Amino acid sequence: MKDILVSLLEKNRNNRFLKNKIELQCKCGHSEKITYYDILASGEFNIGKPIPIISPFISESIYDETINVSPLIFLKKCPDCGGEITSVFPVSLENLIPILQLQPPDPQMYG
Ligand SMILES: [Zn+2]
């Protein structure tokens with residue numbers, strides 16, 4: 001699954017969505033901003049166990065539809081204290097892949 005993500009990422013280097021930034025904050029007070037792209041391209045994340053959430057597409061007749069989403073958990077070593085900064089990516093794997101697939105492929109081929 002991670003491989004799919006990484007290859008999609010390569011095709012989406014210029015995707016505007018991936019230029020969003022996330023702020024990482026360590027217990028020691030260190031904080032830094034990193035783009036979605038850098039997080040994912042670093043490969044320093046784990047795909048968490050799927051968790052059920054209530055579907056955002058609930059219709060009037062369905063009250064309890066749940067879907068499973070897999071959180072992306074990002075781990076990074078703090079440059080100040082060496083501790084681990086853990087952060088949950090704001091978009092789940094299931095939602096991220098369609099975002100990356102939406103982008104039309106670049107007409108120019110690179111190698
Ligand atoms: Zn720290």
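The values are calculated or read from the model by the stated rules, or taken from the named source; none is laboratory data. Note that the structure is a prediction, hence the values are computed from the model and not measured. Using ideal geometry, Cβ is built from the backbone for each residue, glycine included, and neighbour counts are taken over all protein chains shown. These area figures cover heavy atoms from the full protein model, side chains too; ligands, DNA and RNA do not enter into them. Shrake-Rupley method; radii C 1.70, N 1.55, O 1.52, S 1.80 Å.
A few comments on the model shown:
- Total formal charge among the other residues, if their Cβ is under 14 angstrom from that of Ser70, Lys/Arg +1 and Asp/Glu -1: +1
- A simple spin-label model places the labels of Thr66 and Ile22 2.4 nm from each other, with each point 7 Å out along Cα-to-Cβ.
- Distance (nanometres) between label positions extended 7 Å along Cα→Cβ at Asn14 and Glu44: 2.8 nm
- Over region 2-102, accessible surface divided per residue gives 65 Å², non-protein components excluded, 1.4 Å probe.
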